[in-house]
Amino acid sequence: MKKHRGKLRFYTFKMFWVKAILLMMVTLCVLSISFDGTGALAQVFFNKTGKKLPVYCVQNSSKQIAISFDAAWGSDKTESILNILKEENVLANFFLVGMWVDKNEELTKKIYDAGMEIGTHSNTHANFTSLSKTQMELELTESVKKIENITKETVKLFRTPFGAYDNNVISVAENLGLQTIQWDVDSLDWKGISSEEIVKNILKKVSSGSIILCHNNAESIVEALPSVLKILKSQGYEFVHISDLLLKENFTIDITGRQILK
């Protein structure tokens, strides 16, 4: 009887591994068949489903990253941020809302003169997914015009308010010559958290090709920024403009929003 139970256990164990190996083989077959991008699995992974995605991060092997600051309300911490960036010799991106530019024309010029890249963050910080095509176009053209009138340089990048987007939003931006940019590292500074928490949130997620999201008037950003920059530089990271981080040709964007070489 004991011998019979032993054989039964061995048979059950053996069948478990046979099924596991068969499942693995089927999975590998699906992957191999789909790897050219024609199968359902590959269609999802390589984002060939028809869904448009902004760039969240970029395939990069040289430890280049970008840090960005959204500006919609408030400006009293912006000059301090610029001073820290200058002291650490770091380039950054600022995404400005048109109504913020209206109130801060001189500061917008200072951001540009400091060597920072400026993108649009819309004109009124509206949720683009609830706007018509005409309204989206107006939000973008008006904000771009305000920035370009000050910097005399073409605006190339757009960050959606609230991070909200769909195919229509990205298509409208593309038709206006704007590339939509998100982020893969959120400092969460907008929550009013401490400088220590901001530093922790950034450092635990950064990798080569990352785009970091911060805000120009977050409560503790001025206290957190020096540590963030010093530590990441000590780890070998180089801060560049988002436009310089982006792949320019022969790329695709996978389901995570990562821009990768084909």
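The values are calculated or read from the model by the stated rules, or taken from the named source; none is laboratory data. This is a predicted model, so every value here is computed, not measured. A quick note on method: Cβ atoms are made from the backbone with ideal geometry, for glycine too, and the neighbour counts reach across all protein chains shown.
Can you name the residue in segment 144-175 that is of a type in the set (Val, Ile, Thr) and touching a residue at least 60 places away in the same chain (Cβ under 8 Å) and, of all such residues, is surrounded by the most Cβ atoms within 10 Å (Cβ to Cβ)? The qualifying residue surrounded by the most Cβ atoms within 10 Å (Cβ to Cβ) is THR160. Of all residues in segment 176-211, exactly one satisfies the criterion of being touching a His at 6+ places or on another chain (Cβ under 9 Å), of a type outside the set (Ser, Thr, Tyr) and surrounded by 19 or more Cβ atoms within 10 Å (Cβ to Cβ), namely ASP189.
Restricting attention to segment 209-249, the residues being in a strand (DSSP E or B) and in contact with a Ser or Thr (Cβ under 9 Å, 6 or more places away or on another chain) number 6. Consider segment 176-200 and keep the residues that are in contact (Cβ under 8 Å) with a residue 60 or more places away in the chain and under 23 Å from SER130 (Cα atoms). The one that is nearest to the chain's Cα centre (by Cα) is TRP183. Residue count for segment 117-143, restricted to those that are within 16 Å of LYS156 (Cα to Cα), touching a residue at least 40 places away in the same chain (Cβ under 8 Å) and either of a type in the set (A, V, I, L, M, F, W, C) or outside the structural domain of LEU85 (by TED's automatic domain parsing) (or both): 0.
Scan segment 112-133 residue by residue and report those that are of a type in the set (Phe, Trp, Tyr) and within 19 Å of GLU174 (Cα to Cα). The one that is of a type in the set (Phe, Trp, Tyr) and within 19 Å of GLU174 (Cα to Cα): PHE128. Out of LEU225, LEU246, one residue alone is under 21 Å from LYS77 (Cβ atoms) and in contact (Cβ under 8 Å) with a residue 40 or more places away in the chain. It is LEU225.
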